[in-house]
Amino acid sequence: MLTIDTLNQFYGESHTLWDLTLEIPVGQCTCVMGRNGVGKTTLMKCIMGEESVRDGKLLYRADGDASSNEPLDLTRRKLEERARLGVGYVPQGRQIFPMMTVEENLRTGLAVRRDGLRQIPERIYELFPVLKEMRHRRGGDLSGGQQQQLAIGRALVIEPRLLILDEPGEGIQPNIVAQIGEVIRRLIKEDGLTVLLVEQKLPFARKYADRFVIMDRGRRVAEGDIAALSDELIKQHLTV
């Protein structure tokens, strides 16, 4: 689905991502982990186009089939182009529009749909019934958990093939975190979605992710099936 090929990124003179190479396989949830400040969010922003890269490539196959077509190089494409190609993004902090209604927030995603659809897909309300119930309320009046569901729903409006979630459980009550985890698994199983997830909570990662990648100081230091996330790796790279 996505190949990150020797990516380097800088903030000024500060080198933040170092020759980073990753494979994000189709139809799975890959969880990127690591201590604070190791470059996880920077990587997500680079994939989405919010941050520029010095060199390296982001190679994307919208249909996930490596044999059917040449991959698209996203590296220099604008954020809006990436969204139209099927990359959905839920940033850290949600970034909903607080003065707009739930329905208006969801409609903002329709602008980048390739098929010109102008109605919110019913699938969004099926996955998050609370959004339908509160569709006329302002986003700023929702709880933190409801706002996170709204942010995910807005990303799903474009019917992405790759969904990027940056710490979706941060500051949210446990029952909503569990609902989000179940939605991730439904999207993978029922819709064939590929998910790239940043998450600090080990129980969440172990329950809902298929694969893990650990970053340290802008580099990939470990990866594998989630069952291979050992206590030794956790102690070495994740505990504070």
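Membrane-span-like helices in the chain, defined purely by DSSP H runs whose alpha carbon atoms cover 24 Å or more axially and whose average Kyte-Doolittle hydropathy reaches -0.5, are 174-191. Taking other Cβ atoms within 10 Å as a rough exposure proxy, Phe97, Phe128 sort from fewest to most as Phe97, Phe128. Each of Gly153, Val102, Ile120 was scored by the projection of its Cα onto the charge dipole of the chain, and the greatest displacement toward the positive side belongs to Val102; charges sit on the C-beta of Lys, Arg, Asp and Glu.
For region 197-240, the spherically averaged projection of the C-alpha convex hull amounts to 3.0 nm². Sorting 135-147, 193-205 by average packing, meaning the other beta carbons within 10 Å per residue, from highest down gives 193-205, 135-147.
In the chain, Cα pairs under 8 Å separated by at least six residues give a relative contact order of 28 percent. The peptide list 169-177, 156-164, put in order of mean Cβ contacts within 10 Å with the highest first, becomes 156-164, 169-177. Treating each Cα of region 2-237 as an identical point scatterer and summing with the Debye formula, the log10 of I(q)/I(0) at q = 0.11 Å⁻¹ comes to -0.55.
The slack between Gln92 and Asp191, meaning 0.36 nm per residue of separation minus the straight C-alpha distance, is 33.2 nm. Gyration tensor over the Cα atoms of region 122-240: the corresponding equivalent ellipsoid has semi-axes (square roots of 5 times the eigenvalues, largest first) of 29, 16, 12 Å.
Look at Arg82, Arg77, Arg114 and count the other Cβ atoms within 10 Å of each Cβ; fewest to most, that gives Arg114, Arg77, Arg82.
Read-outs throughout are calculated quantities, based only on the coordinates presented, and are distinct from any laboratory measurement. What you see is a predicted model; the values in this text were computed from it and never measured. Positions of Cβ are backbone-derived with ideal geometry, glycine not excepted, and every protein chain shown enters the neighbour counts.
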